[in-house]
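Everything on this sheet refers to the single structure shown next.
The values are calculated or read from the model by the stated rules, or taken from the named source; none is laboratory data. The model shown is predicted, which means the values in this text are computed figures rather than measured ones. Cβ atoms come from the backbone with ideal geometry, glycine included; neighbour counts cover every protein chain shown.
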Amino acid sequence: MAGLSRLDGKRVLVIGGGGAGIGRSIVRACAAAGAAVVVVDVDAARAAEATDELRATGHVAHALSGDVRSLEQLEALITGAAERLGGLDILVTVVGGQVAFVPAVKLHEMADEDWDTVYELNLRYVARAVRHVLRLFLEQGTGGNIVSIGSVTGFMAAPKQAGYGAAKAGLYSLARTVAAEYAADGIRMNVVAGGAISTAVNTGSSDAWVPEIPAGRYGTSEEMAAAAVYLASDEARYVTGQQIVLDGGVSVRGPFPE
């Protein structure tokens, strides 16, 4: 399968930062593969910009805005997306990170509230979104697919990113559990684990990190999106509870650069 057939006719919700960075690339890739897309971003203007871009090229796209840290808003966003698309086939969760939200410090120096922030943005909202969309998938009775953006810090040493790494490890565990519990219902969950990916957050440190990457460069958000589309497609219909690692070889050397 290639081109539009990869996600042709699928209904996709990209939640958490769908209007920028890796999320925006995933939105574009899903639409290019034939899917109708709902874009969720905490910034309403970014979400609208992303959907306007898709509509201008003839794609079906809707924009929603809300704070995924709020259970009420998160569930309303998922329900609203399903209403706009007439159901959902695929959920992609994106937002995460540490350095954009809290200081990068050693574990004994990390404030309790900073740990909570990292946990909230990297695992808790994802678990809540997965729980809610599972109910929807089961009610629809047609299976479903979940793809989450993870990180190599979930399975390798990550100096000054203890909270982030612990949350991403939990994300992979969540995917394995979903696979074990819901594969018989036609529901899959997988993770795209990124290494050093070029985004607005880490571009400033790219020169310092490149020597640590065997491939000699940062990965791109488009490469992350391509992996997400593969996992979302029927080409990966026998893949569940797994991680695809995009890190240019970083994880074979370790630890992750500070």
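Is segment 72-80 home to any residue that is out of contact with any His (no Cβ under 8 Å at 6 or more places or on another chain), among the small types (Gly, Ala, Ser) and assigned to a helix (DSSP H, G or I)? Checked segment 72-80: at least one residue is out of contact with any His (no Cβ under 8 Å at 6 or more places or on another chain), among the small types (Gly, Ala, Ser) and assigned to a helix (DSSP H, G or I).
On the basis of being more than 15 Å from the chain's Cα centre (by Cα) and crowded, with 18+ Cβ neighbours inside 10 Å, does GLY144 make the cut?
yes
Annotation for segment 8-23: no member residue is surrounded by fewer than 24 Cβ atoms within 10 Å (Cβ to Cβ), touching a helix residue (DSSP H, G or I) at 6+ places or on another chain (Cβ under 9 Å), within 21 Å of GLY97 (Cβ to Cβ) and not small (Gly, Ala, Ser).
In segment 81-110, what residues are within 25 Å of ASP234 (Cα to Cα), among the acidic types (Asp, Glu) and either in a loop (DSSP other than H, G, I, E, B) or modelled with pLDDT under 95 (or both)? Across segment 81-110, the qualifying residue is only ASP89.
Contact map, segment 117-131: residues that are part of a helix (DSSP H, G or I) paired with residues that are aromatic (Phe, Trp, Tyr) and surrounded by fewer than 23 Cβ atoms within 10 Å (Cβ to Cβ), Cβ distance under 7 Å, separation 6+ or inter-chain. Pairs shown: THR117/PHE101; VAL118/PHE101; LEU121/PHE101. Cβ-Cβ contacts under 9 Å between residues 6 or more apart (or on different chains), taken from a first residue in segment 64-90 that is in contact (Cβ under 8 Å) with a residue 60 or more places away in the chain to a second residue that is aromatic (Phe, Trp, Tyr) and surrounded by 15 or more Cβ atoms within 10 Å (Cβ to Cβ), are listed as VAL68/TYR125; LEU88/PHE137; ASP89/PHE137.
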